[in-house]
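First the structure, in the form of structure tokens, and then the observations on it.
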Amino acid sequence: MPPGKTRQLLPITFVILAVFAILPLRWVSWLSSFSQLTQTLVAPISHPLAGLSRWLAPADRARDESETIRALEDDREEVRVQLLQALDENDRLRATIKELQRGLAVDPDLRVVVISVPVIGSAGDLADPLLTVRAGRKQNVDRNTIAVSSGLQLVGRVVDAAERTCTVAPITSKSSGGITAVILIDESSANGLACTLQPRGDGTLVGDVEDRREALTNTVIEPKIGAEVRLRDPNHWPRSAQMLLVGRVESVEPSPKQPLRKVVTVRPSIPNLERVSEVMLRIVPESDAAAPVLPTPPAKEGRR
Amino acid sequence: MNWLLLVVLGWLFLGLEQGLRDALALSALGATPSFVFILMAFVAMSAPRSTIFWTAAALGVCLDLLFRLPLREGTGTVTILGPHALAYAIAAQLILSMRGLMIRRNPLTLGFLAFVGSLIAMLVLVGLYTIRHASGAPIAWEAKRQLLAAMGSSLYTGVLAILLAFVLLPLTSVLGFPDQKSRWGGQRR
């Protein structure tokens, strides 16, 4: 191209880009297909590098046990989640019995398909990390899909699914918003203190804890450091995610707004959720997505 | 001017940016280095004017397409074309105006220009997204936090640029960029 034309084309290009930069979001939604194309073009470089870097600096350095032990721990955690989901669901199911008796057909068995997929890079710019994962609509991944890591640690939720890749917003990313969880008082039951957690941006979540007292003594039930915190947010998260591990209580402090209430800091069991090298996607088949969850038998091959 | 090599370098640096961004991130600050901006700064430090702005536009558009902005409450992501390209163009103009005062064969020069340029680019970027957020776009955005992260990221980019200068500076002649001596010999800057 002649240099004169190039000189004319340059300002026009930047004017077009400036117009694109201010266009309403609904008018630029078609750009996501080009985004996928760019991801595909860059993947041959980024994927091996992401794998290598995550291998060199894993999300959790402490987890160096063998594959067998990890698999057994995952199975144990799966059973535990199922048990807690069962306990949590009992109350709700009792309430739905009346509706069932009125003839409403509710499938009590929620099928969850778990697939293990690698993280191939970061999708988020600036300070909000998002994970690009190599599984997409072809594998039935949709925005109901939950990403977990070893030990059924909740990693986050799929916020965008393309044909072959999807984007996961980690629970510790500020962009993922807050979650409602429960701090288990007694590890053998789903009973606990409700809390609303917000990501702080440093890998932890912080939030106020429910003020609850013992019925007989009227003493305040306080959250304990090290207690498990599990997701209980049926209004915002799919049922397949309920009771998954959010993390453990790292600190308990008086609330600056209400000194009688407590604020907890929760840290996921994997210190850097943004650096996991692979995640397990818990996919609920579309036909089951709206059905209530019930625990499935702890069949090892099933992992339903 | 070896455009093919520049395209290959662009592809390589985009891959580095996407693949290593998380691994090199400083979680406490949210600071991450930008490989692509280092390449941009290198081009802006050595190439002719039109090459610089075309490179800024191309790399910026690629970054706009590659990195998506999360929407509020984790409800999805969105691709916005333009902010990176505009930010890179403004930063490129700054580097272009400063490069005449610099000893370009010194790795510290690339480090300094990458730091200053990145800071300007990040400020423009944060400004553009903040305007969008303020005008009601449902993007998850906290200007104050992003600004702090941007400062950390710029410094980090500058430090990384010093190291990458040892790889990039020898490529000046291979890429067909005029060297500083010939410019000092009477050519316009």
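Taken together, the values in this text are just the output of simple stated rules run on the coordinates, not laboratory data. Just so you know, these numbers come straight off a predicted model, no measurement behind them. Every residue, glycine among them, receives a Cβ derived from its backbone with ideal geometry; neighbour counts consider all protein chains shown.
Quick one: go through the stretch B:63-99 and flag any residue whose amide nitrogen is under 17 Å from the point 7 Å out along the Cα-to-Cβ line of A:Val15. Only B:86 fall inside the zone, counting backbone N under 17 Å. Could you give the angle, 0 to 90 degrees to the nearest 10, between helix B:35-46's Cα long axis and the longest principal axis of the Cα atoms of chain B? The helix B:35-46 is inclined about 30 degrees to chain B.
Cβ-to-Cβ counts within 10 Å put B:Cys62, A:Cys166 in ascending order as B:Cys62, A:Cys166, the fewest first. Electrostatic tally near B:Ala25: other residues with Cβ closer than 9 Å to its Cβ, Lys and Arg +1, Asp and Glu -1, net 0.
For the stretch B:24-121, what does the alpha-carbon gyration tensor say about shape, rounded, prolate or oblate, given a ≥ b ≥ c as the root eigenvalues, a/c under 1.5 as rounded, and a/b over b/c as prolate? Oblate shape, in that a/c is at least 1.5 and b/c is the bigger or equal ratio. For chain B, the longest principal axis of the C-alpha atoms and the axis of helix B:49-66 are separated by about 30°.
Can you bin the stretch A:175-267 into rounded, prolate or oblate? Criterion: square roots of the alpha carbon gyration tensor eigenvalues sorted a ≥ b ≥ c, rounded for a/c under 1.5, prolate for a/b above b/c, oblate for the rest. It comes out oblate by the Cα gyration axes.
What's the angle, to the nearest 10 degrees (0 to 90), between helix B:143-168's Cα axis and the longest principal axis of chain B? The helix B:143-168 is inclined about 30 degrees to chain B.
Each helix, a run of at least 4 DSSP H residues, gives -39500 (n - 2.57); summed and divided by the residues of chain B, these come to -23000 deg cm²/dmol at 222 nm. Remark: B:Met98, A:Met243 ranked as B:Met98, A:Met243, counting other beta-carbon atoms within 10 Å and listing the fewest first.
Could you compute the net charge surrounding A:Arg200? Neighbours are other residues with a C-beta less than 12 Å from the C-beta of A:Arg200; K and R count +1, D and E count -1. Don't skip to the answer; put the middle values down first.
Working: positive: A:Lys174, A:Arg267, B:Arg145; negative: A:Asp202, A:Glu250, B:Glu142.
Summing Lys/Arg as +1 and Asp/Glu as -1 gives 0.
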